[in-house]
Structure formats: structure tokens, C-alpha cells
1. Assuming a viscosity of 0.890 mPa s and a temperature of 25 °C, what translational diffusion coefficient in µm² per second does Stokes-Einstein assign to the protein assembly as shown, Rh being the Kirkwood radius over Cα pairs?
2. Nothing charged except the Cβ atoms of Lys and Arg (+1) and of Asp and Glu (-1): what's the magnitude of the dipole of the protein assembly as shown about its Cα centre? Round to the nearest 20 debye.
3. For segment B:118-183 and segment B:371-415, what is the separation of their C-alpha centers, rounded to whole Å?
4. If I take R0 = 25 Å and measure r between the Cβ atoms of B:Glu40 and B:Met142 in this structure, what FRET efficiency does the formula 1/(1 + (r/R0)^6) give, to the nearest 0.05?
5. Pull out the extension gain between A:Arg8 and A:Lys187, defined as 0.36 nm times the separation in residues minus the alpha carbon to alpha carbon distance; nm, one decimal.
6. What does the copy distance list look like for A:Asp442, label position 7 Å along Cα→Cβ, in nm and ordered from shortest?
7. Sort A:Cys205, B:Cys342 so the one with the fewest other Cβ atoms within 10 Å of its own Cβ comes first.
8. What length, rounded to one decimal in nm, is gained on full extension from A:Gln473 through to A:Asp269, with 0.36 nm per residue of separation minus their alpha-carbon distance?
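None of the figures in this text is laboratory data; all of them are computed from the coordinates on show. Being a predicted model, the structure only gives us computed values, none of them experimental. When we count neighbours, we look across all protein chains shown, and the Cβ atoms used for this are built from the backbone with ideal geometry, even at glycine.
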There are 2 protein chains.
Amino acid sequence: MSSDFFERHQPVLERAVAAAADRGYWSPFPESPSPRNYGETANEDGRAAFEALRGKAFPLALDGADGTVGAEQSPYGFALGITYPRVRPARLVQSAARAQETWRRAGPRVWVGVSMEILARLNKRSFEIAHAVQHTTGQGFMMAFQAGGPHAQDRGLEAVAYAWQEMARIPDVALWEKPQGKNDPIKMEKRFTVVPRGTALVIGCSTFPTWNGYPGLFASLATGNTVIIKPHPAAILPLALTVQVAREVLKEAGFDPDVVQLAAHEASDDTAQQLAQDPSVKIIDFTGSSANGNWLEQNARQAQVYTEKAGVNQVIIDSADDLKGVVRNLAFSLTLYSGQMCTAPQNIYVPRDGIQTAEGPVSFDDVAAALGTAINKLCADPAKVVELTGAIQNEGIVKRVEQARALGLPVLADSQALTHPQFEGARVHTPLLLRAEAGNPDISKEWFGPIAFVVATDSTEHSIQLARDSVIQHGALSFSAYTTDDTVADHIQDAAEVSGVALSLNLTGAVFVNQTAAFSDFHGTGANPSANAALSDSAFVSNRFRVVQTRRHV
Amino acid sequence: MSSDFFERHQPVLERAVAAAADRGYWSPFPESPSPRNYGETANEDGRAAFEALRGKAFPLALDGADGTVGAEQSPYGFALGITYPRVRPARLVQSAARAQETWRRAGPRVWVGVSMEILARLNKRSFEIAHAVQHTTGQGFMMAFQAGGPHAQDRGLEAVAYAWQEMARIPDVALWEKPQGKNDPIKMEKRFTVVPRGTALVIGCSTFPTWNGYPGLFASLATGNTVIIKPHPAAILPLALTVQVAREVLKEAGFDPDVVQLAAHEASDDTAQQLAQDPSVKIIDFTGSSANGNWLEQNARQAQVYTEKAGVNQVIIDSADDLKGVVRNLAFSLTLYSGQMCTAPQNIYVPRDGIQTAEGPVSFDDVAAALGTAINKLCADPAKVVELTGAIQNEGIVKRVEQARALGLPVLADSQALTHPQFEGARVHTPLLLRAEAGNPDISKEWFGPIAFVVATDSTEHSIQLARDSVIQHGALSFSAYTTDDTVADHIQDAAEVSGVALSLNLTGAVFVNQTAAFSDFHGTGANPSANAALSDSAFVSNRFRVVQTRRHV
């Protein structure tokens, strides 16, 4: 049964491996929620499935459950009222170790086949997951569908593809034949077994629980590890659905479903710390704050720790052929999901003497004003823009907007609280854009949320220096630059390479710096303080398993 | 010039990549010191070169040198009298950062070409390096030649091959073309640049400075990092020669020779700690004690740390077709370089009720006695055995033999101090073999040196349990077992896989458990406490570089 899964998915797996090598566009999971892709009733079925979950105990039976937890609030203004079984950390790791016994012997084909079947079934539930993502993270529905469904599944598949590629390199058996001059050669048979590390922990975040959670989950699962998924208390449902699907597939394949477990817990208890420091937890994937990520890196010493943390994303405007395209593109990037993306731009450097454009020189003030205007224009129709902004995930982010306003900097676009036409209680806020001077220490930290700064610099060289130094010191997950000058572009690229951040040049169309595409764009580089790993590459998977060999004479 | 190096060595590189995938026998560096391989005068030239170095300042000009250090003593009983320039840690990292500027821009082909040219030139100096290894580590000449020369070069090349394989997977450029239904596709060009981590540190050991040092050195160098080599104060010369060769090649290729630097220092100063905690040191490769290795893992938090530490190597004797072959093979493994190998066997488990052999049952006492006799026989001719034992690297190991004897356990073969026919002052000691009971806490730690125990167990199942638990708790770099029973072999293999140690089954011929062959055997697994990495695999190289991409519309 479980090896059937491998055969069933092998063509897609091979395409995925090839796509990750070519790095052209490819995805097996349609990003359009069109009925042509997902069926006529998929949208309504997904919504109904989500509604049916509300106000009840989530249908997931976990051995050793000891009470229930769950207090998720939709950022659109209502309580989900869903409870989840709570299992204590010690019991979770104990069950994981027991489940490991048969799982680890199954080998790479089975691990990969089961992983791919889980992904295929998750894809079929993309609408239900989209509603779950929307009403935990606050994303607009389209983003919740795409980023929470097919794009997350792409990133999961990408990790499986890398894992398979690395494991498939290890031969099952080799004949070693060493010449001995005139004598017979020495002949040995060597068998190589891929063995997992043990138990893996995935620590989910509140904004992209599936997109940021799937790479670690599938990288660990496909390399034979058991996985405990600890969701953020504010965004349990998307990962609970994921765990439900994973366990259903594991059971069908004849394995202990505790190969994948859910660690739902109360906000601010120490479940994460307990799990992270358990001696049997050998791998941790984390997305969240720098404080928590750094704590894991410092304290979970028994584990391989893969973190994605905070960063201060950088934009340089040097010159432009199409300034309208520039500000339109940036305004969209700032407004999308109210800047609650690890890749959303924050500091936009513009020389105080202005820039060159196709229509001649434009002053700093005019560039800054054009950006503010572009945001206001984009946000002019609340009924439309709420689909773009979504809702603010938590009250802390609303407070942060107030704190930014309290800096007293000149306001280029003010954040407005909007009423959502569909959800009365939704926290909807448009971006706050402020003007700042280079060197202002307030802008050197991350302002997660709909907050950005247009920063006056001495020159583009100064902008480059500021961006490079900020990436080295504070990290960044994105770096965007606009220039019509090839020499400047080269300098900027050099700064990106020295500081270790991916660069997007002259985005004025339908691609935004916030977005990365699986199989083509590496998400994060692992080379600056915002993340110690990239999604996905060999380094992300190759240390999640080890090889044990047995040699004997033949 | 430097790209010529790549072209010159490309055929060997491609063979190396293929060999590491097939894992059959292969080596480009002849292990026999025969004049046919190295030329008629190579042996004498190498000896003369070594002698010419004695009693002088080593010919290596390092910028910023501030005095000299060096107090190496040959374990064969004389002082080398060689001094080396001393450069302070702060200056070393500063020079490395400066050298990095042009080196990092050179790219994978140049990094790999330069690395392979260094290896080719090191091979030509194998005799000189052999004498240097012999008179710092105490190895016999043949081992010093093979392990210190061609086998070390093999392990260096293996690391380069893996590094090349991983970097070659990253395309220089990709066209990303995303369909947009009836509209034109979105087209982007994406360029990918391999960037190094920064400065790498290699911490050498006193027993296999080149064999254990080359994998980290070449893995880091071939991925564009600058490298500071900090030799053990007792074994500087082999790595000083290596640095000399590396700098000569770098200079010829037009690079700042400070891409590779030597950090010779006084014994017991804090050079290692200072370098290891410098913020610009991003990679550390270490071979040595568990105390120092664990310290690095805990404290050098800014760096990727690859360690090989202590372990307690395990042997199980369950049954044998050829008991004479078993004890002959084990006696050789125990005597070779006086057990001063991280892979030398230590605890040999035998059921107290004896074992089955082709000639019928043999009692525990007879198995133990046969082992003792085999050692005594092997050591009967001092003039011959000194070539095998070499000399004891340091006085601490001689003391450890006395401590083992003082345990008061029954002696199966006593350690004898022998006089070396050629080197009067050489510290030569044959193995001490003791009888112990299972559960004796004294044998659960590593007794590095010519010290081993035959351990009486309740049964082979008990032996397996002891071996497995010891590997999990204390680590092991080797595990050897003898059995004629396929079911027992399966149980032993399962124990090896669960505990994460490579297994050798029924070695009775010309292969010894101490030895691993590059391109075929992984050295270490990274899956037990004795080492957190294996030599070499993808995990050993893939995180030494990162990828920075630049995308733009086309």
C-alpha cells in the first residue's frame, strides 16, 4: 500500500526534482481556486466543512490526551470556538519514539510516498484549509487559499524533492574491489541504510502556519523522522487539519499515526520550551520572533535548529523608467496582508537630492508623495482593498501602528481603520507610511505590520551602504531595488551578495518582492540574521538523516 | 591561470564525483610509496627535505607575524627544533577578511581548481609530509606515508568533489516563465550566485593532522571561504607544509595568499578559543577530545561546527568459522599505531559461556587467551612490530596504560616497552589487553591508546545491548562483529542502525576495522556522540556556502 503511494506519485516527484534544478516556473498544485481546477462545489464544500468545525471539539483522537485547549479568535471578529486534545510534551515524545520503531525501518521510498500522498490529499482540502487560514491569520481569502493551500503544498513538495534527491544518492549496496597487484583483489560488499535523526518538532507561526510549517514538516517526515507539530495558539486549525490528513494516510499505509502528532497548547505556557529541550527531539523547524528563534538556537543544543526570524526589509530607489510602476508596485507590496509578511518592505531609501526618471529628475519629496498617493489610491475603495489587506492578526500589531505614529515623523500616508463589508468586527488597517532621515535609530528595527518608512539618504551609494549594513546587522528576507543604471545595479547586487540577501530588481509589474515561488526562488538565504536556512536546498534536508553502513568480505 | 587549474583537474574531479556516488574502490593518489609511483629519488628527497627543515625557522612568511613559536618533539625521541611565525588571532581574522574580498568573487570553478591543484602538489610532497607526520604523531613510516599523504589527499579530494557537486547544482541563470491564461506569461530572469560563509577555522589534532584536517580545509576552501588552520602545538609541521603549498598555489593563481593561514601557537594558550569565538569565524572543523569538541559546540554559536570527538569502539564476538583469523585481525587492529586511532577497537564482548566455531565450541577463557596470544605473537619481533606500533604520541598515553594496569583486572596480554632499533629514545609500547566483566564502569569511557578489554557477557544478545547502549551514550567511530549466524547479524545490524554507527562484519583478512576508504566508507556517521558529521557527505559541505539570487523582468 505505502509503496503504491511512491509509484503513484513518482512522475510528479521526478518533475519536482527537475524543477528544483532548472528553477524555472513549475507547480503541480493549481493556484487558481477556479472550479475547473478544484470542482464545481469545492468552494462551498470547503466553506461548509470549515463552518461545521466551528464551536466543537476538533475530530482528532490523540493517545494520552489530557483535557482540551483552544481559544482561537478570527481576526475578522469572531471566536472559532474549536477545542483540540491536549497531550503533555513528555507523552508526545514518548508516543513519537514508539511510532518511530516501524517508521524508521520503512525506508526512503515509503517515507517519500507517504509524504506525497499527504500533500495530494491536502491539496484536495485547499478550500477548507483556506477558510481555516483566513480565520486564524487574518489573510484575505485569495491569499489564504493560494499561500495557505497550493503554494504551501508546493513548498512542502519542494522539501520532499530535495530530501528524495539526497537520499537517492546513497546506493543500497556497493561492491568495493581493491586491486592487490598480482594477488586477487580484496572484495567487500557494503550496504548503506538511510536512518532518521529521531523526533522532529515544527513550531508554527500565526501568520503563515502552513506555508512556513510545511517545509520543515515534509523535510523531516520524508527523511524518516517522526514529527510533532506545535502550532501557534492563535493559528491551530490549519495545522490540525494537516495533522488529521497526515494521520489518515499513515494509518492507511499501516503505520502508527503518532508518526505525526499535534501539540496544541495554551498561549504562553512552556510547551515549546519543554519540547525543544527534550533530549529525543533532534530537529526543530521554527518560524517566529527573533527572541524565540535565538533562544532555540542557543538552548536546544541537542537538535538541528532551522529558524526563520525577524528582519528589516530593504528597498533602494535610485532611478526609474516608470516611476508610476515603481510606486504602484511598492504600494501593493506594503498593503498586501497589511505588511504582515516576513518579506514585506519596510525601509525605502531615496536620495534627498531626488532621482532620475524617464521624464527627468524627480525630487525626494515628489517620490515620497507619489508613494503615499499610490497607497491612498489603492486603499480608496474599502470594499475592494479589504480583500488585499485582510485583517490584522492581533491587537499588538494595531498598537504597533500607533507607536509608529507616535514617533512624530512626517506622515506620507496615514493608516486608516476600515470597516469590512462582510465581517463587522474585522481589524482592518491600511498602511502607515512615514518619512525618516537616514541614521534614525527607530527605523533600524523591524516594524512588523502595515508600517514603512521613506528614508532620505545622501546618495544612492549611501542607500546601498545603509541597506547592506542593515542586512548584516538586523537581517532581511527581501531586498528590492530600482535603477536604470547597470553599474549601480552591479553595486547593489554586490551588496546583496556580501550581506547575503536575495535581490529583486525593478519590479514594476505583476511580481511583488513579498512573493517567492517554490522550485525557483529560494526563500531566505540562511546567510543573514533573519534566517539560518533557506527554503529549500540541500542544506535544509541533508542533515535530517544519516547513513549507517555495513561492510563484509565477499 | 586559476581557471586552467579547473580544466587541468576536471577529469579527476568528475571521476571523484562518480566514485563518491558508486562507492566502489577508487583513488587518484597511489598509496604505495614505490618509486614507480613517486619516482626513484622521491623517498630520499623527502627525507632530505624534512631533515633540512629541522632546527630552523620554517620558511613561511605571514603578514603581521609577531614572534615565533614551536616546540615539537618527535615521539621517536628528539626535538624538531623548528619555529613558526606566530600571528595573533585578531590579526589572522583581519587578514582572512581582506583576502576574502577577491577570493569570494572568484566563484566555484576557481575555488575548486585551486583546491585540486593544492592537492596535486601535496601529493608530490607525500614523502616529506610522511616524515613530518611520523615525527610529530609517532606513526610508523608506512602509515605516516599512506594516512598522512595519499589517504589524506583522498579525503580532501572527496570533500572537494562533494562541494563541487552541490555547487554545480545551482544554475547560473534561470528563465522563469509563468503562464497567465490568455495573457502573455510573466517572464523573469533569475541569476544565482554561490557565496561563501566567510572565514573557516580548522583545528588540527596531534595524531592525524592531515587526514583529519584536510576534509574541513578543502570543504571550506572549495566553497569560497578563507581558512585559518590552527594545528595542535605538538603536530604543526604537517599542516605548516600544507599551508605553504596552499599559499604558493593561491599566489600563482593571483590571490592573496592569506586565503589560507597558519595559526601556530603555544601549547595551552587560548588561541583556539579566541579564534573559535571570533564573530567573523563562520565555520569550524575540529578533531580532538570530547571536552574541547563539546565546548566548541556549546560556545562557538556564530559558526557551523563540525566535530570529531572521542568514542568507545565496540566489538562483538558471537561465533566464527575461522577463530584464528578473528584474533589475528583484532590483534593487528589493537597494535596498529598503538591504538592511537579514533577507530581502534576497545571493548570486545564475548559470552561467558563461550562461542561456536567451525571446530566446535570454544570457552570464553580460550577466546580471551587466543586474543592475548595473537597480540604477543604479533609483537614477538620488536624490530618488525615497531613499524606497526609506531611510537606513543605523548607521555599522557603512556600514563594511561599504567592507569589501566592499575585497575587490577586480569591481564591477557601485557604492554611491553620496546627499544626501537633505529630511534633510541622512541616511546614504543605494545597493547595491554585486560579481562573485564560486563557492567564494569571503568570500561565505559574511552581509553585512548594501546588498551583494550575482553568483556564477559551473559549472551550475544547481552553483548548487542551493551554495544548499542554504549554507542548511544558514549559514541563510537567503529563497531566490528563476528558471527556465522544470519539472524544474529541482522540483530547486530539493527543495533548499529539504531545507535548510528558503521558496522564491519567478520573481518578476518586484510581489511581492519580501524580503516576507512575515501569515496566508499563514510568515516563517522554524525549520528552518535563521537562525531556530529561524517566524512564526507552532502551535509558536510552544503551549509558551507549559501546562494544569493537576483531576479528581474525580461
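1. 79
2. Charge dipole of the protein assembly as shown: 60 debye, to the nearest 20.
3. Spelled out, the Cα-based centre of one part sits 36 Å from the other.
4. So the FRET efficiency works out to roughly 0.85.
5. Extra length available between A:Arg8 and A:Lys187 comes to 60.6 nm.
6. 7.2
7. Final ranking by Cβ density, sparse to dense: A:Cys205, B:Cys342.
8. Working it through step by step, the gained length comes to 70.3 nm.
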